[in-house]
Protein chains: 2
Amino acid sequence: MAVSVYISRRPFTPQPLPRRPAAALCASTSINFRHAPSLVRCSLHRPEYIPSHIPDPRYVRIFDTTLRDGEQSPGATMTTKEKLDIARQLARLGVDIIEAGFPASSDADFDAVRLIAQEVGNAECDHVPVICGLARCNKRDIDRAWEAVKGANKPRIHTFIATSEIHMTYKLKMSPEQVIDKARSMVAYARSLGCDDVEFSPEDAGRSDRGFLYQILGEVINAGATTLNIPDTVGYTLPNEFGQLIADIKANTPGIENVVISTHCQNDLGLSTANTLAGAQAGARQLEVTINGIGERAGNASLEEVVMALKCRGGQLLDGLYTGINTQHITMASKMVEEYSGLRVQPHKAIVGANAFAHESGIHQDGMLKHKTTYEIISPEEIGLLRSNESGIVLGKLSGRHALKAKILELGFDIDGKDLDDLFVRFKTIAGNKKIITDDDLIALVADEVFQPLVVWKLEDVQVTCGTLGLSTATVKLTDANGNEHIACSVGTGPVDAAYKAVDLIVKVPVTLLEYSMNAVTEGIDAIATTRVLIRGENSAEATHALTGETINRAFSGTGAAMDIVISSVRAYIGALNKLVGFWDRLETSNSGEAKVLHTA
Amino acid sequence: MAVSVYISRRPFTPQPLPRRPAAALCASTSINFRHAPSLVRCSLHRPEYIPSHIPDPRYVRIFDTTLRDGEQSPGATMTTKEKLDIARQLARLGVDIIEAGFPASSDADFDAVRLIAQEVGNAECDHVPVICGLARCNKRDIDRAWEAVKGANKPRIHTFIATSEIHMTYKLKMSPEQVIDKARSMVAYARSLGCDDVEFSPEDAGRSDRGFLYQILGEVINAGATTLNIPDTVGYTLPNEFGQLIADIKANTPGIENVVISTHCQNDLGLSTANTLAGAQAGARQLEVTINGIGERAGNASLEEVVMALKCRGGQLLDGLYTGINTQHITMASKMVEEYSGLRVQPHKAIVGANAFAHESGIHQDGMLKHKTTYEIISPEEIGLLRSNESGIVLGKLSGRHALKAKILELGFDIDGKDLDDLFVRFKTIAGNKKIITDDDLIALVADEVFQPLVVWKLEDVQVTCGTLGLSTATVKLTDANGNEHIACSVGTGPVDAAYKAVDLIVKVPVTLLEYSMNAVTEGIDAIATTRVLIRGENSAEATHALTGETINRAFSGTGAAMDIVISSVRAYIGALNKLVGFWDRLETSNSGEAKVLHTA
C-alpha cells in the first residue's frame, strides 16, 4: 500500500575523486546511472528512521551487504570507485542500510567505507541511507569502524561474535561467559564513542544453544544495541525452523521490544530467500541481503528475490509487509554488481537471470502469449528491464553524437564530456563494421568505457598470428601514465597467452591468472565480445577476513570489450592490472579532512 | 536411516547407436561415467515400486524432468546421444522416475524417449527407473507417449491440462466442465492402452480454484490416475501457501488415499526448493526436480538442493523423510547437464556452484579451518566432488597411456579404445606445452573429446592473423564425413568472425549465432580454454512446446577446448554445427523393432 510519486531527479553531487592527469583518459567523474527517463520514483511511505524502532509495524528495512559480505567472496574484490558506484546505486534503489565494508580489514577497505559515509551518507536526496561498518568484538575494530562511518548522516556500527559451541570452542577458544562479557562490553564501548545505532550479531545463531542466545541478546540490549541480527551462518536451517528461531527470540529475550530484529541467511541449501521471508513473518523487521545473492560459498539471500516476493505476495500473505525499495532500479543494480564483482548470475537465476523473462521463441505466436500473465507474474518493466527492441531509438552508422547520448540515456546511463566523446569514437568504429547496433552491444561498450578502474596502463595496439600450424606470436604497444610508449613481443601457447606474456614484459607486476571467461550476448557472429579475467598479485593487497580472521590476498577482476576476442582479452588483462595497481593507491586523509590520492606503487 | 552397501559395479551394456563409419572418429560407444573407484553405492532401502502406493510412508520418490522441462528451456536442446548419457547418469544417481521427454513434440523427441525406455528402462541393474513420457490431454499425444515408453520395464504416461481460470480462458478456451471431461476421458484412455502407471497434472494448480481442483482430481483418480502432480507453474506461491495447498488437496480430494501426491515447483521467486520441501512435509511423496534447477524462465526446484536438504535435515525436521538418491553422483550429473544443456550454473549456486565449497584462500591458515564443520555442513566428498590436488595421481609430460587412464578413472570417467587413444594424443600435445596438467585441464579435455556429438565435420587446421593494426584473416581446413578435405579463407571483424565465416563457406548450413562464451577455469595464463556457442538453424529442427503448444525452432550448443582460444572457438562452432546436422539424422524403427540411423541431411 506504499504511495508513490514522481519527483524531479536531483543527481548526487559527490566530491570527485582527485586523480593523476593520466587517469582522465578513461575513468569518469560524471557518470550517473539512472532509470530512463529523468525521473526517480521515491516511496513516500518510508517511516522516519529511529535506530531501535520502526514507527510502522508493517515496514521492513532492507539492509544490503553486497559491499561487505558479497565483496569478501572469492575474486569479488572491488576498488573504492566501484564500491562508491554501487553504494550510489543502492541509495537509488532505496536500501535502508548499506553495510559498506569491514574497515579493520585493510586501509583500502577503511578508505572505501569512509568515502561512502561522506558521499552517499550525506547525499542531497529525499532518502539518505544509513551507512554501516562491520567490526569484530574488539576495541581496535570498533574504533576503525566508527572512524570510517562517523562522517555519515546516519552512521551505524555492526559488531559480532560467534555463539555456537563449535565456533566458541574451535575458533574463539573462549568460554560462554567470556563471550557474553566481550559482547556486552564492546557494544557499550561502541555506544560510548557516540554511536547511537549499534547492531549486534551472534554468529552461527542457527546452531547456538537457545538459552545462551536469549541470555547474550538480553545482555547486549542492556548494553545499548539497537538492532539484533540473527545469522544462519552455515545456511543450515529450514524455513519453519528459522521462523521458529526468530519467534522464540522474540518471545524469550528480555528487552527485545526495544530493538529491531534482523535476519541474515546464507544459501547453502538453496533456502535463503524462504528463510528470510519466514524470519520476516515471525517478526524480523530488518532483512540482510545482497544484490544477485552473492557472498561466500553459496551466497546470501538475494535482494531482488526477497523484495519481489514481498512486493508480489506481502500484501496478501505476509500481513501486509512492505519495503521502501524502488524495484525499477533492480536490473541496473544487478548488472553493475555482476560487472564489478565478476560473479556472473546463471541464466535461470530468479528475477535477474537472462532467461527469467524469456521463453523459447516461437514461430507461430497464437495470441495466447500476448496475455502475458498466463506465464509471467512480474512484468520486466517492474524491475527496470527494457527488452531489446522495445526502446524507441535505433542506431546505425550514420547516427550522431546526440542520438548516441539519447539512446544510452534510455538504457539508464547518464554520460557526458570526455566519456561520451570516447564512447562515440568506439561506437563509430563498431558501426562501420556491423549492420545493427543492438542494445546489448551498447551496454557492452558502455561497460568497457565506463566500468573501468583508473588508468595506469593503456592498450594502444596489439597484433597476433596464431593457429594450429605454427607458434602463436603477439606484439603489444602500451602507454604508461605519463604517456610513454612501450612495445614488446612474445610467443605463447595461444594468442592470449602470447599477448599476456608481452604485456607482462612491459608492466612487470607478478600476477597469477585465476580465471578467464568471455561472453558475446549479442546476436550474430560479428558481436562484441566481453572478456573477464581474475588475477591475484603476489604479496599484494592483503586484507583481514571478517569471519575467519585470516589474512587474505585479494584477487582483482578486469573486463574488456571488442569485436576481436584477442583485443578484448588484452583489454581485460590490462583492466585487471590497473585495478590491482590502483588498489595500492590509497586514499589518505589530510588534516583538513579532504581526501587525496597517494600513489604508493 | 537408509542402509547402504557397496556392491560390485555392473556397467550398463546399452545397445550401441549404429552410426556411419566417419562417426567413430570422435564419438564413443564405450563411455561410462562413474564415481571413483569401481564401486557404486546402492540404497538397499528403496521400497518396492507400486505405481499408486509407496510401502514405506517415509520414502520420497525423486522424479527428474531435466530431459523434459529442463531441455525445453531456451538453447538447452540435446541430441539423442546426450539425452541417453544423462538418462544413464540419472539411473546411476538412483532417480525413481525419469521424465525422458515429450514424445509428441517432434520425431527426434519421440526417438530419444523410446531409446531411453529401451536401454535405461531395462538396464541390468539393481535399480531400474520408471521411464515417463509427457502428453497433453489428447489421443494423439497419449498414443505417441505410450508408443515411446512402452518398451520400458516400468513405463509411465504423464498427462496434463490447465485448471486455472486464466489458462482455461485464454489458452484452452474451454469451460471448466469441458476441462474435467477431457482430463477424465484421457486418463481413462491412457489406462485403456495398457499403461497401469498414469500421472495427471492440473497445470497452474497454484492459481486454480480449490473446489474445482478437488473435483477434477477426484475425477481423474476415478478414471485410473496413480500419481497426482501439483505444479506451481508460475512459481508464485510461498512455502506455507504451497504446503497448505498440498494439505488441502490431501484432506479434500475423494480417493486421494489411493494415489501418490507429487510437487512440481517453478523458481520465479527463488522459492522452489522451499516450496518442494513444504509439499513433502504436507504429504507429497513424489518431488519433481531437475539437475542444476534448469528449466524455463527461472527454472525448477533443483535435485541437488532438495535431496541434500532432505539428507541433512530430513531425519531431524521432516519426519524422517528420505530418498533413494546416491548423492555421490551429483557432481558428475551436474557437470554433464551443464555441458549438454549449455546452461552454466553461477559460482554461488547452492551445492554444485564452483564456490559452494570454496573460501577466499588465506595466507595464514590457523588451524581453525581444519575443523571443517565450522563453516561446512556438507563435505564435498558427499556429492562426489574431488577437490583438485586431493587425488593421488599427478600427470606430467612423461606420463603414459596407463597413467592417463588411471587418472581419468579417478575423476569419474571410464574411457577406452579409440576415445582413449584420441585423448592421449591431445594430452601429449598439451603436456609438451604446459608444466602442470591439472584435474580441470583433464576434465576440459575429456569433455571436448567425449561430450561431442556425432562427427560430420572435423577441424584439421586453422591459421589466423589479427589485431588492432589490420584486417583479421582466417584460413580453415575441414574434413567431411567421407574424409575429403576442404579449405577456405575469409576476412572478418575479428579472428573468430573470420574463422566462422571461413567455416560457413565450407559447411553451407545457414545458422544464426545466438551466444558465444568462453571459460578457462584452470590457473595460469597457459590454461585450456573451453568455448561454448549456441546456434539456431534457419527452418530446421522444429518441435512443439509442451505447455504453449507453439512450434519452436530449436537451438544447438557446441563446445570446444584448446589452449588457443581461436582453435577452441572453431571447435565449438563445428561441434554445434555437427549437433544441428546430427539432429536431422533421425532414428527410425524398422519392422524388426531395431533402431537404425537415417541420414536426411
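Approximating the spin labels as points 7 Å out from Cα along Cα→Cβ, the A:Gln178-to-A:Leu469 distance works out to 7.2 nm.
To the nearest 0.05, what FRET efficiency results for B:Cys489 and A:Arg426 with a Förster distance of 30 Å applied to their C-beta separation? List each step's numbers first, then the result.
On the way: r = 28 Å, r/R0 = 0.94.
Step by step, r from the Cβ atoms, then E = 0.60.
Across the range B:557-572, computed HN-Hα scalar couplings (Karplus, 6.51 cos²θ - 1.76 cosθ + 1.60, θ = phi - 60°) run 9, x, 10, x, 10, 6, 6, 9, 5, 5, 5, 5, 5, 5, 4, 5 Hz from first to last residue, x flagging Gly and Pro. For the pair A:Asp461 and A:Ser379, a Förster radius of 41 Å applied to the C-beta separation gives a FRET efficiency near 0.35, rounded to the nearest 0.05.
Please work out how much length the chain gains when fully extended from B:Asp56 to B:Asp416, using 0.36 nm per residue of separation minus the C-alpha to C-alpha distance, in nm with one decimal. Spell out each step's value before the answer.
On the way: separation 360, 0.36 × 360 = 129.60 nm, distance 4.13 nm.
Full-extension gain reported as 125.5 nm.
With θ taken as phi - 60° and the Karplus curve 6.51 cos²θ - 1.76 cosθ + 1.60 applied, the whole-hertz 3J(HN,Hα) list for the range A:415-427 is 10, 9, x, 5, 4, 5, 4, 4, 4, 5, 4, 4, 4 Hz, x standing for glycine and proline.
Over 27 Å between Cα atoms, which of A:Lys501/B:Lys477; B:Lys81/B:Lys508; B:Lys81/B:Lys154; B:Lys154/B:Lys405; B:Lys335/B:Lys405; B:Lys182/B:Lys250 qualify? Kindly include the intermediate steps, with their values, before the conclusion.
Numbers: A:Lys501/B:Lys477 29 Å; B:Lys81/B:Lys508 24 Å; B:Lys81/B:Lys154 21 Å; B:Lys154/B:Lys405 36 Å; B:Lys335/B:Lys405 20 Å; B:Lys182/B:Lys250 23 Å.
The pairs that break the limit, which is 27 Å between Cα atoms, are A:Lys501/B:Lys477; B:Lys154/B:Lys405.
How much length is gained on full extension from A:Cys125 to A:Glu538, taking 0.36 nm per residue of separation minus their Cα-Cα distance?
Details: separation 413, 0.36 × 413 = 148.68 nm, distance 4.24 nm.
Extra length available between A:Cys125 and A:Glu538 comes to 144.4 nm.
Summing both sides, how much accessible area is buried between B and A? Use a 1.4 Å probe and give Å² to the nearest 100. Summing both sides, the interface buries roughly 10100 Å². For the range B:542-557, the residues whose amide N sits under 16 Å from a probe point set 7 Å from the Cα of B:Asn138 along the beta carbon direction are B:543-552.
How large is the direction-averaged shadow of the alpha-carbon convex hull of the range A:245-288, in nm²?
2.9
With all protein chains present, how much of the accessible area of the range B:164-261 (probe radius 1.4 Å) comes from carbon and sulfur, to the nearest whole percent? The computed percentage sits at 47. Taken one residue at a time, the phi angles of the range B:400-406 give Karplus couplings (6.51, -1.76, 1.60, θ = phi - 60°) of x, 4, 5, 5, 4, 4, 5 Hz. Gly and Pro are set to x.
The values are calculated or read from the model by the stated rules, or taken from the named source; none is laboratory data. What you see is a predicted model, and the numbers here were worked out from it, not measured in a lab. Neighbour counts run over all protein chains shown; Cβ positions are idealised from the backbone, glycine included. Ligands, DNA and RNA are excluded from the accessible area calculation, which covers all protein heavy atoms including side chains. Shrake-Rupley method; radii C 1.70, N 1.55, O 1.52, S 1.80 Å.
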